[in-house]
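Engineer: Starting off with a structure, shown below.
The values are calculated or read from the model by the stated rules, or taken from the named source; none is laboratory data. Note that the structure is a prediction, hence the values are computed from the model and not measured. Cβ coordinates were reconstructed from backbone atoms using ideal geometry, including for glycine residues, and neighbour counts include every protein chain displayed. Side chains are part of the model used for accessible areas, which takes the heavy atoms of the whole protein and leaves out ligands, DNA and RNA. Shrake-Rupley method; radii C 1.70, N 1.55, O 1.52, S 1.80 Å.
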Amino acid sequence: MHRRGGKRIRMDDPPPEYVNPMTPATPMTDYGGQSVHEPDVSNMNYSGFHAGAPVNSTTVDRMREEPDDPEDDTRSPSPAPTKRVTRSRGRGGDGGYVGRLAESPPPPPLRPRRGRGGRGRGRGRGGAPPPPAYSPPPVLLPGDDENSLYNLLRFNKTAINQVVDMWIEEYKSIKESALVQLMQFFINSSGCRGKVTLDMAQMDHTLIIKKMTQEFDEESGEYPLIMSGQTWKKFRANFCEFIQTLVKMCQYSIIYDQYLMDNIISLLTGLSDSQVRAFRHTATLAVMKLMTALVDVALLTSVNCDNCLRQYEAERLKARDKRASDRLEVLVAKRQELEENMEEIKNMLSYMFKSVFVHRYRDTLPDIRAITMSEIGIWMEKFPAQFLDDLYLKYIGWTLHDKVGEVRLRCLQALHPLYECEELKSKLELFTSKFKDRIVSMTLDKETEVAVHAVKLVIAILKMHPDVLTDKDCENVYELVYSSWRSVAAAAGEFLRWRLFRNDSPPPPSRSRRGKTRLPNTNLLRDLVQFFIESELHEHGAYLVDSLIESNPMMKDWECMTDLLLEEAGPGEEALDNRQESSLIELMVCCVRQASTGEPPVGRAPARKHHHTPPKDAKLVAEDRGKMTAHFMVTIPALLEKFSADPEKLTNLLSIPQYFDLELYTTQRQEGNLLLLLNKIRDIVSMHTEAEVIDTCGKTLEVLCSEQCAVYSRCNVSRATVTDMCVNRYKEAIDDYRSLIEGGETPDADEIFNVINSLRKVSIMYMCHNLNDTNIWDSLFEDLPKCLKSNETQMPTQALVFVVRSCFYSLLWSLHEAEERGVTGDGIAALRERLLAYVAHCKMIVADGVTLELREEAYVSLCDLLIFFAEHMASGEPTLRPLVLKADPELCDLLNAAVQEFVFSHQNYDGQDERRIEELHKRRNFLAGYCKLIIYNVAPIRRAVDVFKHYIKCYNDYGDIIKATLSKAREINKLNCALSMELAMQALFTEVRNKHADPARNLPELLELRELAKRFAMMFGLDALKNREALVALHRAGIAFAALEGPATVPAHPPPNILFLDALAEFCGKLLRLDKRQVLKFLDSRFPTQWVEEWAPLLSYRTMLLTDTPDERPPPARRHYARKNKVHAEEDDGEENADSDAEGG
């Protein structure tokens, strides 16, 4: 039994039609009987419908006339456009409609039926086509009236207020003529060129719509609302503004004359029910904007009614001798008129909502669904007394499950302003309880913008209903601060601020041990550190900072952070433990980095390649950098002193000076603190042995020694002191070590450690600073032969790795000096001699190194040297030409063998995720080093054959690198790239042949080869003309390989490589017809014309060559708006439904 009235409605579940949205113009019945979404036409009328006017016939015609159908007994017709009867009849209830509507979510839609009564086919089926890349600007065609409402708005030559004024004057003179103009405007705005005449205006609107549908013969599928371009965008805005302006300027009389609104609402309701997408889309937008305009009128009428009531009460309360009885009568009459107008507007709104919104909110076209959700949100915000009710809210709740992101977004945008208004809290309680879980789950939406608005809506819910969100709901949003989408993370950071990091009622200020008052953000920073620790994503501190830094001032409270680290805990305070200190330092350094650079962390940078900080933001960044520098250049020495024994904390703290504004050291007279910093760096380098600490010291010194800064001279002296100290310790350690070896003694652990540690520091400092003036090349080069197995000594292999690395950096610094300052011929000759000697040793180390680590280091050095000393180096400086290092065949073979061993030899790291990830990262670097030789044209493309063959097998690990190499190789030389692809397939096929003497066609390895060929074919793109030569050469080479006779080939039997043609066939689709004939001729010259069953691959390949290319086939015929004969209509019913399903999906 249906429940009538009441607000306890079922809103839990989404309507199931979002799997298969409602087909337009198809009624939905409750499995036999009246549709729960349709008004009861016999009972439901809104006030003022007249039966007497000739243009307002109350006859209800069936909009889909067809021969008797057995289904007619079980389906109700879609609501036909009715006409107003009388104002008194309109006040007589809703026919039980609201009660049925409120009972439950709508039932699943019935299977779409074919359009009837001359409905067009084309655009009425399913979803909208993708928007065109370009739509031509509007032009005036022969027969068009340039003074029509449509053309006035389309060409935007007259102000909209003026257009409406002109139309109102026409309406006051001749109603019928003005109404025809308005009807013509809506028809033309749909893209239909049909003409509405005065005679047609006397017809029922159903017949008018049928006639316009028959004349809708547009072929392109475009209509004004979906056409692209600035002109059409302006027309859409003018269309909406015109409707709202028209209602606004007619609000005091015309809209109540029971003629204009009756006819317009009737026409638009019928158009909104059309299966022609253009009519349906345009009419739905018009009705929604009409309702929005009427809501504005209702609001103004409500205000006037309240004012009138207030004036009446004031007048009535006056003394009898001062009361004006005639004024009371006027106020009573005015109030009664306003109340009748208000009732009239509400009835119109109710009718349009039930006749249009209820059907179109789940239309197959996403744009229509989005329009309905946008407008209902406006109605609820402006007129909550009428629309902010669970009867209307449930439609938004159900549509939150829509499969199209834009529609879901409009739902969230509609809800957000409602939750920001505290007065509406009580009306949203039931909706919140029913749909809160869905809103929270939308924070993980695949559409970024939807997820952002979902998080913002959750924040609004948190503010309005703090107790509604559970801990689990909040945790789901917390995790989004680590999202790779910056907008989502920033929204989650805002949620975090409202949920955890609010300082509404700060506790009494505490003091440190020495009496310093703690700053207000102290407790918030403690909470932030605890949150970071509990999140267990400690390597992603930069992401957390980026999420919070814009919305939370504590992220730039440098004094509060350093006080927590430097000041000892006072009475009643809990001191930070080691883990909390490390986390706070890491977060502080991330804040320093982002505040001073304005750049988000890697992975959250803008998609634009050339991103520049706007001037306004650059000014803010400069201010933040200045404040940060002013604070830390005073406190950083003390921080380094306190944590000097902790390598992890030191590494983070030492990076802070890299972001300083160094000029402030002189302008603020802080040279003393600069000297303290430099002395601390020197002491740290001297005392510590960890590579990360030394590396950070080297980079910080490099930044401090910027030549354009005023502090350069002082910092340069300190740098020289540090580098000389490292070099001298190396010389001392290596001299002691060599002396022991020469004396036949065995170095102890301390002496070996001194050698390794000193070489580590030298290699790290060499990376950032030029140590060539210390003349240690000869000493380093002396140890290179010890890297070979044949010359194996007691020298620790770890030290030898640093030797190889140091020599490499020595050569790079020498090249830098030659390019920057110029070097004499003797200097170039000496550098060339060193380069060739080092390369020769590296070749031997790669081939016969003592350990794998040494071989890998030598391999990396060779790849990088080939790039640095390539041909391009001498293009602008001929004197450097003797230094050019060429990749000879022997060197290419060596590097190819190395990359096969280091990268593509699989090792098992089960149960060791961190080790596996580190190893994969290292292997990717090895592969990238080799592929750079191809990309920069240092090595010929064919040298990448053995890399290309692993494209499918290793796609997950290295697919992006190999694909980028293939793309660049095609840019360099299409022909060589194509032949290299063919050689890669040959190599893979040969491996299969070596593994299987007589492979079958369905062998997994051969299927992998075909997949490789398919991926290669996709690399050629769609322009077959540009790739003609390369593709023909690839086919000829492949045919020649397949036709090769084996050493023991039996006559009349296929050659052993015949199965290679299966893979080669994947490229046939890229050939032009003329080239196919050429390849076919070459194929026939290599293979016999008579085959047996074993020649099936050849037959398949020939068939592919005989097939026409897709671009030479005739294009498919376009669909037109046209009527079908009823005989054909019944035959094509199944096909039409299938089309609707496909397009609607």
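Engineer: For the range 736-834, which GluC sites (Glu not before Pro) are in a loop by DSSP, counting at most 16 other Cβ atoms within 10 Å?
Structural biologist: Details: sites: 742, 745, 751, 782, 792, 817, 819, 820, 833; in loops: 745, 792.
In loop regions of the range 736-834 (DSSP not H, G, I, E or B), the sparsely surrounded GluC sites (Glu not before Pro) are 745, 792.
Engineer: Step through the residues of the range 746-760 one at a time and calculate ³J(HN,Hα) from phi using the Karplus curve (6.51 cos²θ - 1.76 cosθ + 1.60, θ = phi - 60°), rounding each to whole Hz and writing x for Gly and Pro.
Structural biologist: For the range 746-760, the Karplus curve yields 9, x, 7, 5, 5, 5, 5, 4, 4, 5, 4, 5, 5, 5, 4 Hz.
Engineer: Given just the C-alpha atoms of the range 253-349, how large is their convex hull per residue in cubic angstrom?
Structural biologist: Taking the convex hull of the Cα positions in the range 253-349, it is 74 Å³ per residue.
Engineer: Can you return the lysines within cross-link range of residue 649? Criterion is Cα-Cα under 28 Å, with same-chain partners fewer than 8 residues away left out.
Structural biologist: Qualifying lysines at Cα under 28 Å: 516, 556, 627, 680, 699, 761, 922.
Engineer: Once amide H atoms are placed 1.01 Å from N in the peptide plane, what residues at a sequence separation of 5 or more from residue 511, or on another chain, have their amide H within under 5 Å of its amide H?
Structural biologist: Hits under the 5 Å cutoff: 518.
Engineer: With a 1.4 Å probe and every protein chain left in place, tell me how much accessible area residue 211 has, in Å² to the nearest 10.
Structural biologist: My reading of the accessible area for residue 211 is about 80 Å².
Engineer: Then there is this: For the range 239-333, what does the accessible surface come to per residue with a 1.4 Å probe? Please give it in Å².
Structural biologist: Per-residue value: 38 Å².
Engineer: Using 20 Å as the Cα-Cα cut-off, could you pick out the over-long pairs in 932/963; 233/456; 974/1081; 789/843?
Structural biologist: Over 20 Å apart, Cα to Cα: 233/456; 974/1081.
Engineer: Straight-line reach from residue 354: which lysines have Cα under 19 Å away, leaving out those fewer than 8 places along the same chain?
Structural biologist: Excluding near neighbours in sequence, the set is 7, 83, 289, 346, 394.
Engineer: Can you work out ³J(HN,Hα) from phi for every residue in the range 925-939, in order, using Karplus 6.51 cos²θ - 1.76 cosθ + 1.60 and θ = phi - 60°, giving whole Hz and x for Gly and Pro?
Structural biologist: Rounded to whole hertz, the list is 5, 4, 5, 5, x, 6, 5, 4, 4, 6, 4, 8, 6, 7, 10.
Engineer: Taking the range 498-561, which trypsin sites (Lys or Arg not before Pro) meet the DSSP loop condition and have no more than 15 other C-beta atoms within 10 Å? Don't jump to the answer; show the numbers that get you there.
Structural biologist: Numbers: sites: 499, 502, 511, 513, 514, 516, 518, 526, 556; in loops: 502, 513, 514, 516, 518.
Taking the range 498-561 and a limit of 15 other Cβ atoms within 10 Å, the loop trypsin sites (Lys or Arg not before Pro) found are 502, 513, 514, 516.
Engineer: Right, next: Over the heavy atoms of residue 737, what accessible area does a 1.4 Å probe trace out, to the nearest 10 Å²?
Structural biologist: Accessible area, nearest 10 Å²: 10 Å².
Engineer: Please state the relative contact order of the range 732-834 as a whole percent: Cα pairs under 8 Å, 6+ residues apart?
Structural biologist: Taking the mean separation of contacting Cα pairs over the length of the range 732-834, I get 26 percent.
Engineer: For a quick protection proxy, order the peptides 226-238, 354-366, 579-591, 706-718 by their average other-Cβ count within 10 Å, most packed first. Before the final figure, lay out the partial values.
Structural biologist: Details: 226-238: 16.2, 354-366: 24.3, 579-591: 20.8, 706-718: 14.5.
Descending mean neighbour count gives 354-366, 579-591, 226-238, 706-718.
Engineer: Hey, another quick one. So, taking all protein chains as they sit and a 1.4 Å probe, how much accessible area belongs to residue 741, in Å² rounded to tens?
Structural biologist: Surface accessible to solvent at residue 741 totals approximately 70 Å².
Engineer: Kindly write out, for the range 863-876 in residue order, the coupling ³J(HN,Hα) from the Karplus curve 6.51 cos²θ - 1.76 cosθ + 1.60 (θ = phi - 60°), rounded to whole Hz, with x marking Gly and Pro.
Structural biologist: Along the range 863-876, the couplings run 4, 5, 5, 5, 6, 5, 9, 7, 4, 5, 4, 8, 5, x Hz.
Engineer: I'd like the GluC sites (Glu not before Pro) in the range 461-545 restricted to DSSP loop residues with at most 13 other Cβ atoms within 10 Å, sorted by number.
Structural biologist: 536
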